[in-house]
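Below: the structure, in structure tokens.
The values are calculated or read from the model by the stated rules, or taken from the named source; none is laboratory data. Quick caveat: nothing in here was measured; it's all calculated off a predicted structure. Please note: Cβ atoms are built from the backbone with ideal geometry, for glycine as well, and neighbour counts cover all protein chains shown.
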Amino acid sequence: MTVRLFALINTGIGPVGTRRFTGRLLIALLALLLASAACAAQTQDAEYEAVAEEYVKTYLAAHPLQGTALGFHEYDGKISDYSRLALDAELSRLRRFDDRLAKFDPKNLSPRQSIDLRILQAAVKRDIFEMQDMSVFERNPMLYARAGDVNVYIKRNFAPLEDRVRSLIAIESQIPNILIAARTNLDEKLPGPFVELAIQIARGSADFLKKDLVAAVSGLKDEQLRVAFQAANRKAATALTDYAAWLEREKLPKATLDFALGEEKFRRFLAETELVDLPPGEILEIGMAQLKAEQEAFSDAAKKIDPNKPAPEVFKQIQSEHPTADKLIPDVAKDLDKIRKYVVSRRLVGLPSEIRAKVKETPQYLRATSFASMDTPGPFEKRATEAYYYVTPTEEDWPEKEKQEWLTAFNYYTSDVVSIHEVYPGHYVQFLHLNASPATKVEKIFGSYAFIEGWAHYCEKMMIDEGFGSPASSPPSEDDVKSAAKYRMAQTDEALLRLCRLCVSLKVHTQNMSIDDATKFFHDNCYYEQKPARQEAMRATFDPGYLNYTLGKLQILKLRADYKSQQGADFSLQKFHNELLSHGMPPIRLLREIMLKDQSKWDQVL
């Protein structure tokens, strides 16, 4: 009957009255169908939102330290349970939610909730992969050494000091139990790099508790509370020291070199967590080609500065151009303001807030592991909302030679590139957009490694490409040309490091590259000295995802090219960047779906 009525309308056959009646009937039927579909979508959205809310609550209950960092202070004073029973329950929880989320068809949800669903699925699958396929609680002793990371309680004044100390006492009192659980949960034989690093971390954590944490709460007036804190602190520090000794005595002699994921797991890791379904070999091929291109750019820039020296020597010469130790923080702050003004004047990306990130010395307790870092409040923090750009200074008791070596890393050109990455328009601007966006709770909590780090790394190249550090006058003087070349060398130097990470991660986990060969790869291809090259090689063993700095950057560049082609004359960098940053922190594959009209391009991530 419906087909016949459509035919009458389409062909114009039949009496006029019949056609009018049929048209009204079809319009009514169509309206009914649309209303029914809308109602069904709303019902599906509501069902999904209920499951997502339940997941978030159970997730934060299992990870209360993260809850506090996000700004949910009902989790203050709590710490994860690492007993075997609790870990088994956590894996069961993840699998259960993975199954529940799989029952939702993205096509039956509203566009926003369809994206939200897949962000949450990627987050769940990442945790399952780490627990099930990487066996992190059975194979990685570093997790237990870091379990009592209480930095959030001293770096942010979200509650009176007395209340935060009560939380610290509650957490520190559980650290010995966590380290007892570690002895039970860990396999008999562990990967050597994991053990070596866990020993360093455990000893560093013990030192932090005994010195930096004690200093951080020195203003505490309540004597009874002070005594309780000292007791819990002493027991926690002792437990960490004992754990390091146990690892050195029991695990280091039996350690193996079994840490590679293998090609199948690595491909699944990227497909499930970043929605990048490309063979590792193809990604490596792209990475090696990019590495060669950046090395050529590095060399070309060096020739503009001194054509008679090899590029690495030219860059060492550039590194000697740095502020004095006493001018480091003020110089970084001054240059940061210059970078911000450049972003605004060139309309490269919108700044949703006038609130500035404050440049400060890195707190003492973070200096062992931090060169420069951005510290933003959690997206749900309502009290301690300051944002700090930490820069690690030299120490007064260092020998002069060591001070000068440290300051080379803060040469004027690299320092600006790092500030671009961390603050404007990198991580801090990303944070401002996240806070200003209508992002859901899921979108604010669960982020893509490739998008978060890829955006900041992309910004380094984008800013130099857009003329930052280049002469404004024309024709440029010889000094202007050299200055621009120095900025390009600093930017490509950072790119070379991240490209080496991508290549080494893939080679270590899919081609059996050794740590020694990985160390040599960093030395030969981004010109690192032995110690930092080995540190980078060691990181590949336990953090295969550190390829995401480059993987994310390349995906953003590909998305930008496709978006520019789509927009034509309507394209602008500011429009692209604002749109890119307005959807939370999803895998970039989902941003392609949101921003590109041509569905055939959605899966073309690289």
Pick from THR394, THR376: which is outside the structural domain of LEU213 (by TED's automatic domain parsing), touching a His at 6+ places or on another chain (Cβ under 8 Å), surrounded by 14 or more Cβ atoms within 10 Å (Cβ to Cβ) and not basic (Lys, Arg)?
THR376
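Let's see how each residue does on (1) at pLDDT 95 or above; (2) basic (Lys, Arg); (3) not in a helix (DSSP H, G or I):
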| site | (1), (2), (3) |
| --- | --- |
| ALA170 | yes, no, no |
| GLU188 | yes, no, yes |
| GLY204 | no, no, no |
| GLN224 | yes, no, no |
| THR241 | yes, no, no |
Taking the condition more than 27 Å from ASP88 (Cα to Cα), of a type in the set (Asp, Glu) and touching a helix residue (DSSP H, G or I) at 6+ places or on another chain (Cβ under 7 Å), does GLU248 pass?
yes
Just give me the residues in segment 527-569 being of a type in the set (A, V, I, L, M, F, W, C) and in contact with a helix residue (DSSP H, G or I) (Cβ under 9 Å, 6 or more places away or on another chain), in sequence order.
ALA533, ALA537, MET538, ALA540, PHE542, LEU547, LEU551, LEU554, ILE556, LEU557, LEU559
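I'm trying to understand the selection: among the residues of segment 209-222, which are buried (at least 19 other Cβ atoms within 10 Å of the Cβ), touching a helix residue (DSSP H, G or I) at 6+ places or on another chain (Cβ under 6 Å) and in a helix (DSSP H, G or I)? Break it down into steps so the answer makes sense when it comes.
Step one: of segment 209-222, the residues buried (at least 19 other Cβ atoms within 10 Å of the Cβ) are 209, 213, 216-217.
Those still in the list that are touching a helix residue (DSSP H, G or I) at 6+ places or on another chain (Cβ under 6 Å) too: 209, 216-217.
Result: LEU209, ALA216.
Results for (1) closer than 15 Å to SER448 by Cβ; (2) in contact with a Cys (Cβ under 7 Å, 6 or more places away or on another chain); (3) of a type outside the set (Val, Ile, Thr); (4) buried (at least 19 other Cβ atoms within 10 Å of the Cβ), shown as yes or no for each residue.
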| residue | (1), (2), (3), (4) |
| --- | --- |
| LEU120 | yes, no, yes, yes |
| PHE129 | yes, no, yes, no |
| GLN132 | no, no, yes, no |
| ASN140 | no, no, yes, yes |
| ALA147 | no, no, yes, yes |
| ASN157 | no, no, yes, no |
Limited to segment 332-366, what total is found for residues that are free of Cβ contacts under 8 Å to residues at least 60 places away in the same chain, of a type outside the set (S, T, N, Q) and buried (at least 16 other Cβ atoms within 10 Å of the Cβ)?
3
Is it true that some residue in segment 261-279 is within 25 Å of the chain's Cα centre (by Cα), surrounded by fewer than 18 Cβ atoms within 10 Å (Cβ to Cβ) and free of Cβ contacts under 8 Å to residues at least 12 places away in the same chain?
yes
Selected residue (only one of GLU223, GLU248, GLU274, GLU264 is acidic (Asp, Glu) and closer than 21 Å to LEU179 by Cα)
GLU248
Could you pull out the residue among ASP133, ASP116 that is within 20 Å of the chain's Cα centre (by Cα) and of a type outside the set (A, V, I, L, M, F, W, C)?
ASP116
Working only within segment 249-260, note down all residues that are farther than 22 Å from HIS509 by Cα and surrounded by fewer than 12 Cβ atoms within 10 Å (Cβ to Cβ).
ARG249, PRO253
If you go through segment 227-237, how many residues are free of Cβ contacts under 8 Å to residues at least 60 places away in the same chain and surrounded by 15 or more Cβ atoms within 10 Å (Cβ to Cβ)?
2
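Residues that are touching a strand residue (DSSP E or B) at 6+ places or on another chain (Cβ under 7 Å) and of a type in the set (D, E, K, R), at least 2 per element: which strands (runs of 3 or more DSSP E) completely within segment 350-443 meet that? Quick ask: steps written out before the conclusion?
Working: elements: 358-361, 372-375, 388-391.
Of the strands (runs of 3 or more DSSP E) lying wholly inside segment 350-443, those with at least 2 residues that are touching a strand residue (DSSP E or B) at 6+ places or on another chain (Cβ under 7 Å) and of a type in the set (D, E, K, R) span 358-361.
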When segment 168-208 is examined, which residues are found to be of a type in the set (Ser, Thr, Tyr) and crowded, with 22+ Cβ neighbours inside 10 Å?
SER205
Can you confirm whether ALA439 is more than 21 Å from GLN121 (Cβ to Cβ) and of a type in the set (A, V, I, L, M, F, W, C)?
no
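The rows are residues; the columns are (1) of a type outside the set (Ser, Thr, Tyr); (2) farther than 17 Å from LEU70 by Cα.
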| position | (1), (2) |
| --- | --- |
| ALA409 | yes, yes |
| VAL417 | yes, yes |
| GLU422 | yes, yes |
| GLY426 | yes, yes |
| SER437 | no, no |
| THR440 | no, no |
| ILE452 | yes, no |
| CYS459 | yes, yes |
| MET463 | yes, yes |
Could you check PHE521 against (1) over 24 Å from LYS358 (Cα atoms); (2) of a type in the set (Phe, Trp, Tyr); (3) surrounded by fewer than 22 Cβ atoms within 10 Å (Cβ to Cβ) and say which number it fails?
(3)
What's the number of the only condition in (1) assigned to a helix (DSSP H, G or I); (2) outside the structural domain of ASP277 (by TED's automatic domain parsing); (3) crowded, with 20+ Cβ neighbours inside 10 Å that ALA533 fails to meet?
(2)
Would you be able to say whether some residue in segment 125-148 is among the β-branched types (Val, Ile, Thr), under 30 Å from ASP45 (Cβ atoms) and assigned to a helix (DSSP H, G or I)?
yes
Check off (1) crowded, with 22+ Cβ neighbours inside 10 Å; (2) closer than 19 Å to ARG340 by Cα for SER448 and give me the number that stays unchecked.
(2)
I'm trying to understand the selection: among the residues of segment 563-584, which are crowded, with 21+ Cβ neighbours inside 10 Å and within 25 Å of VAL124 (Cα to Cα)?
LEU580, LEU581, HIS583, GLY584
Does at least one position in segment 541-560 carry a residue that is buried (at least 21 other Cβ atoms within 10 Å of the Cβ) and either at pLDDT below 95 or acidic (Asp, Glu) (or both)?
no
